[in-house]
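Here is the structure we will look at, set down as structure tokens.
The values are calculated or read from the model by the stated rules, or taken from the named source; none is laboratory data. Computed from a predicted model, the values in this text were never measured in an experiment. Cβ coordinates were reconstructed from backbone atoms using ideal geometry, including for glycine residues, and neighbour counts include every protein chain displayed. The area values use the complete protein model at the heavy-atom level, side chains included, leaving out ligands, DNA and RNA. Shrake-Rupley method; radii C 1.70, N 1.55, O 1.52, S 1.80 Å.
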Amino acid sequence: MKNNRMVVYKLAGRSLAAAMRLEEELRRELKTVPVVHAGTFKDIGDSWNALYKGLLARLEQEAPEVLELTGLNARAVQVFQEPQTLPRAYAEAPHIFLSPEKNPEYFMYVPVDYKGRYFAPADGIKLNAKEEQITGDRLFAGGWLGNAPIVAVTKQGVATPADYTPPPKSALRKAFPYMPNDRVCFLAAGRSLAAVADYNARKEEWQRCLKAACHAIEAAVEQDKPKILAALPAGEDVRISATYSYYSNGGGKAGLLLSVRREGKDNLWNAGKTVPVPPSPAFTQEERGGGEYIVKARTDTPEGRRLAVVINAIPDTPGLGDYADLRGNFDIRQDDIGKALGVNGVIPQVAELAGRTLLIYSAAPKSKKSGFCPPDATPFPAFAYAWLRKDEEDIRMGTTPPPMPKAVADALAKPLEPVKRRRKNNPPRP
């Protein structure tokens, strides 16, 4: 349950002097330790995390008082829990941010632990709720300003404290009203696993055909690029991009979309602005909004007929709902968000986690015991699925996950026995 929070201090006196010393030490470290400024997000993050780790190790020996006064060695254990999940605990350190003015002020965001305790910087001034909001807008401009802390200490997963008391299920439900449905999970095997494999093969072919069509559209526009550039300032360039839209649950033909946007070489403020697309002998275009056009092959020109061959080769959008054996019969609590996302109790999602193929259905809590089970599949605990998924997110973000609970390890080691299918509740096979 996300009842953890941050308190905010404006630094002054001893804590301010320590923060300024920390900033100086960081500049000193950057003179001798190279960091990666280009490449993948992970490579850049790993590089900076290694620098911060070395800096903290050096300060532990040379200036431990800096770590004491900035709270970087005073991590708070925060615990997070949602419906159908086990608690996950993380040790989180305070972060110090500078305001964007020429003569900045220093603010510390301090994590509150699962018992409500937190580090208090020496001589710091604690802000009230209104001051916190004003400071947040000042530091981050409502999320538009990418303000980074002086030293970003990565949170670390830890074992859930023995004295942590999970909230009642009813409290979790109340705290997460935007999660009206439960997950019902199955470990795919036999026929259900074969259905997923067939779906993946069809999807791969569908994507290949879509990419071929997009490349053909982009190539057709590329021939008119001189006309497009002639209407723009000298030296400017454009980015031609063909994409597609489709129903996430499958069915019907994907729509092909085109946009031509300025690179902004003449002026960065122009980057991303759309430009008109000249009429093409290969396709017709209909404005969709947002600078995008819906593209359809022409049938009255040789260029259009050649493009039509490529577009017509695109299969109908594949979906797991194409497989009768995988279609569930769960009732759901529908809301506007779920409706927009196509959430239903019939078509599952597929997740590949820990070397396993899982089928995940949405179901209202009272609908979970409908008797449905995909053929040859076994039930898999929803809490284990949620744990494995969060582990992957942590690793992707460079965070060490918490130790795996025994209940999750048991679910991975000992899959449950297949459930006997109740034919009267299951949809017919094709």
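Local charge sum around SER241 (other residues, Cβ-Cβ under 14 Å, Lys/Arg +1, Asp/Glu -1)? Taking every other residue near SER241 into account, the sum is +2.
Could you tell me which of the pairs LYS31/LYS265; LYS155/LYS265; LYS126/LYS155; LYS115/LYS169 are separated by over 28 angstrom between their Cα atoms in the structure shown? Cα-Cα > 28 Å for LYS31/LYS265; LYS155/LYS265; rest within.
Rounded to the nearest whole Hz, the Karplus-based 3J(HN,Hα) values (6.51 cos²θ - 1.76 cosθ + 1.60, θ = phi - 60°) of segment 272-280 follow the sequence x, 6, 7, 10, x, 9, x, x, 10, with x at glycine and proline. Going down the list LYS10/LYS130; LYS253/LYS273; LYS10/LYS53; LYS211/LYS296; LYS42/LYS102, which pairs span over 20 Å between their C-alpha atoms? Violating the 20 Å limit, Cα to Cα: LYS253/LYS273; LYS10/LYS53; LYS42/LYS102. Taking the Cα centre of the chain as origin and assigning +1 to Lys and Arg Cβ atoms and -1 to Asp and Glu Cβ atoms, the resulting dipole is close to 1640 debye. Rounded to whole Å, give me the distance from the Cα center of segment 1-64 to that of segment 328-356. So the separation of the two Cα centres works out to 41 Å.
In the set (1) 27.7; (2) 22.2; (3) 26.5, the label that goes with Kirkwood radius over Cα pairs in Å computed for this structure is (3). Charging the Cβ of each Asp and Glu at -1 and of each Lys and Arg at +1, and nothing else, the dipole of segment 184-225 about its Cα centre rounds to 220 debye.
Ignoring ligands, DNA and RNA, please state the percent of accessible area on the chain from carbon and sulfur, probe 1.4 Å. Summing carbon and sulfur atoms, their accessible area is 56 percent of the total for the chain.
With a cut-off of 14 Å between beta carbons, the residues surrounding GLY291 carry a summed charge of +2, where Lys and Arg count +1 and Asp and Glu -1. Sorting 344-353, 162-171 by their mean Cβ neighbour count within 10 Å, with the most densely packed peptide first, gives 344-353, 162-171. The label-point distance for ALA175 and ARG288, in a model that sets each label 7 Å from Cα toward Cβ, rounds to 4.0 nm. Taking the Cα centre of the chain as the origin and placing charges on Cβ (Lys, Arg +1; Asp, Glu -1), which of THR378, VAL408, VAL36 is farthest toward the positive end of the dipole? About the Cα centre, the residue reaching furthest to the positive side is THR378. Give me the log10 of I(q) over I(0) for segment 160-255 at q = 0.13 Å⁻¹, as the Debye formula computes it from C-alpha points; what are the numbers? Scattering profile of segment 160-255, log10 relative to I(0): -0.80.
Going 7 Å from the Cα of ARG138 along its beta-carbon direction, which residues of segment 96-124 have the amide nitrogen within less than 14 Å of the resulting point? It comes to 97-109, nothing else. Per residue, the chain exposes 55 Å² of solvent-accessible protein surface, assessed with a 1.4 angstrom probe and all protein chains in place. Zone of GLU68 (label point 7 Å along Cα→Cβ, backbone N under 15 Å): which residues in segment 116-134? Counting only backbone N, you get 120-123.
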